[in-house]
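The values are calculated or read from the model by the stated rules, or taken from the named source; none is laboratory data. Treat the numbers as computed from the prediction; the structure is a model and nothing was measured. Neighbour counts run over all protein chains shown; Cβ positions are idealised from the backbone, glycine included.
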Amino acid sequence: MNARALNRALLARQHLLERTSLPAAEMLGHLVGMQAQAPLAPYVGLWTRISGFRPAELASLVSGRDAVRGLLMRGTVHLVLAEDARVLRPLVQRVVAGGYTGHFGRRVGDADLDAVARFGRVLLNERPRTRRQLQDALAARWPEHDAEALSYAVSYLVPTAQVTPRGVWGSTGPATLTTLDGWLGSPLAEGPSLEDVVRRYLRAFGPASVADVQAWSGLTKLREIVEPMGLRTFRAESGEVLYDVEDGVLPDPSTPAPVRFLPEYDNVLLSHADRARILPPGRRVPLPPGNGASRGTLLVDGFYRADWRLHADRLEVTAHDRLTAGERAEILDEGARLLEFLEAGERSVRITGN
């Protein structure tokens, strides 16, 4: 399979070839969660995939604790269904915990991390706390150690959730943590099936190699899990084996792909080791700071070919390569729809760059 065939398969499974009428909860489950470092980014990600999507639908899921934000795949913040959080966090716990061994791990010194995690869990079960509040409480208990490093130890070693109003459309609030099981009101799953999660990944992102599954999850040594699963296989142009579910959609590679505005950190750009199926050679995914819903990337003919950013007076699209007249017209039309969704319709859409 070549890059274009993989691109069209990915777009179809991500509902980026044609918008769907699925409810937001079903889409969130199908995608096995959405990147959510920028807490409002998933709203744009669902708008670009679901016909008639309105922010209140996702906001209701988050406010009602049917969806939750926390550290999951690759040790990064994702928004997932509550039932998926219970399954995914135990599976990736070692990935999340492993993220602490870098900068903050070096600063923690000889502190007893098991004791820190236990005390941190007690603090977060008492009430949700901001990073600063957690840090102050830990400093009082371990004044001889780096309190900031200890606070990060708690958030990596203890499964946590970021509580509302952060992540709710139209609301603001600092990143405030509590225990994941406490927020959900139920314990995390015991012995969850990694094979089931691999199949769900392939249904949304496949066909994919073992390296792709590992890049998405952050887990390693998955070949011994994937190979015995009896999945159908293909060969990439590189010769690498690609695995897939039996009912995985495989559109004709010549299928037209519409312009799609993606939010910051969209899963479709970050969930493979080999990103040639969506990134032109040498192009990196931008990782801007912010709350989301104000900038992102643009797919043109299915590939990442432009960036967008919302300004006070305009929605600016910066193209990375030359666009045809038809592509420019489609960008202007889709950009106007994005402005309507963002309730920023007084602004104009401008295309700069090539």
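From V80, V87, V95, grab the single residue that is within 23 Å of the chain's Cα centre (by Cα), not basic (K, R) and not in a helix (DSSP H, G or I).
Details: V87 fails: not in a helix (DSSP H, G or I); V95 fails: not in a helix (DSSP H, G or I).
Just a single option satisfies the conditions, and that option is V80.
For segment 8-50, enumerate the residues that are of a type in the set (S, T, N, Q), surrounded by fewer than 23 Cβ atoms within 10 Å (Cβ to Cβ) and at pLDDT 95 or above.
T20, S21
Suppose the filter is more than 24 Å from P55 (Cβ to Cβ), without any contact (Cβ under 8 Å) to a residue 12 or more places away in the chain, outside the structural domain of I50 (by TED's automatic domain parsing) and surrounded by fewer than 17 Cβ atoms within 10 Å (Cβ to Cβ); does T324 pass it?
yes
In segment 287-311, how many are out of contact with any Lys or Arg (no Cβ under 8 Å at 6 or more places or on another chain) and part of a loop (DSSP other than H, G, I, E, B)?
7
Table: residues versus (1) more than 20 Å from V96 (Cα to Cα); (2) in contact with a strand residue (DSSP E or B) (Cβ under 7 Å, 6 or more places away or on another chain).
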position: L124; (1), (2): no, yes
position: R127; (1), (2): yes, no
position: W142; (1), (2): yes, no
position: D146; (1), (2): yes, no
position: S151; (1), (2): no, no
position: S155; (1), (2): no, yes
position: G185; (1), (2): yes, no
position: G191; (1), (2): no, no
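Take the residues in segment 156-166 that are under 20 Å from N291 (Cα atoms), of a type outside the set (A, V, I, L, M) and in contact with a helix residue (DSSP H, G or I) (Cβ under 6 Å, 6 or more places away or on another chain); name whichever of them is surrounded by the fewest Cβ atoms within 10 Å (Cβ to Cβ). I'd like the intermediate steps shown before the answer.
Kept after step one, since they are under 20 Å from N291 (Cα atoms), are these residues of segment 156-166: 160-166.
In the following step, the residues that additionally are of a type outside the set (A, V, I, L, M) were identified as 160, 162, 164-166.
Checking which are in contact with a helix residue (DSSP H, G or I) (Cβ under 6 Å, 6 or more places away or on another chain) leaves us with 160, 164.
Details: T160: 28, T164: 19.
Checked segment 156-166; the qualifying residue surrounded by the fewest Cβ atoms within 10 Å (Cβ to Cβ) is T164.
Do you know which residues across segment 56-75 are farther than 30 Å from Y152 by Cα and either part of a loop (DSSP other than H, G, I, E, B) or not charged (D, E, K, R) (or both)?
Listed by number, the list holds a single entry, A56.
Only one of (1) outside any loop (DSSP other than H, G, I, E, B); (2) in contact with a helix residue (DSSP H, G or I) (Cβ under 6 Å, 6 or more places away or on another chain) is not met by W169, so which one is it?
(1)
In segment 105-163, what residues are aromatic (F, W, Y) and part of a helix (DSSP H, G or I)?
F119, Y152, Y156
Among the candidates S151, S186, S155, which residue alone is under 18 Å from Q37 (Cα atoms), out of contact with any His (no Cβ under 9 Å at 6 or more places or on another chain) and not hydrophobic (A, V, I, L, M, F, W, C)?
S155
Look at segment 1-55 and say how many of its residues are closer than 25 Å to R65 by Cβ and part of a helix (DSSP H, G or I).
15
Under 8 Å between Cβ atoms, which residue pairs at least 6 apart in sequence (or on different chains) link something in segment 81-95 that is in contact (Cβ under 8 Å) with a residue 60 or more places away in the chain with a partner that is among the hydroxyl-bearing types (S, T, Y) and part of a helix (DSSP H, G or I)?
L91/S217; V92/S217; V95/S217
Would you tally the residues in segment 126-152 being surrounded by 14 or more Cβ atoms within 10 Å (Cβ to Cβ) and closer than 20 Å to R69 by Cβ?
Total satisfying the criteria: 8.
For H103, work out the one condition from (1) touching a residue at least 12 places away in the same chain (Cβ under 8 Å); (2) surrounded by fewer than 22 Cβ atoms within 10 Å (Cβ to Cβ) it doesn't fulfil.
(1)
Among the numbered conditions (1) surrounded by fewer than 17 Cβ atoms within 10 Å (Cβ to Cβ); (2) in contact with a helix residue (DSSP H, G or I) (Cβ under 8 Å, 6 or more places away or on another chain), tell me where V198 comes up short.
(1)
Per-residue answers, yes or no, for (1) surrounded by fewer than 14 Cβ atoms within 10 Å (Cβ to Cβ); (2) aliphatic (A, V, I, L, M):
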position: Q214; (1), (2): no, no
position: G239; (1), (2): yes, no
position: D244; (1), (2): no, no
position: L250; (1), (2): no, yes
position: P263; (1), (2): no, no
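So in segment 301-354, with the set limited to residues that are among the basic types (K, R) and under 24 Å from the mean Cα position of the chain (by Cα), which one is nearest to P289 (Cα to Cα)?
Across segment 301-354, the extreme among qualifying residues is R309.
How many residues, within segment 265-278, are assigned to a loop (DSSP other than H, G, I, E, B) and crowded, with 20+ Cβ neighbours inside 10 Å?
So the count comes out to 5.
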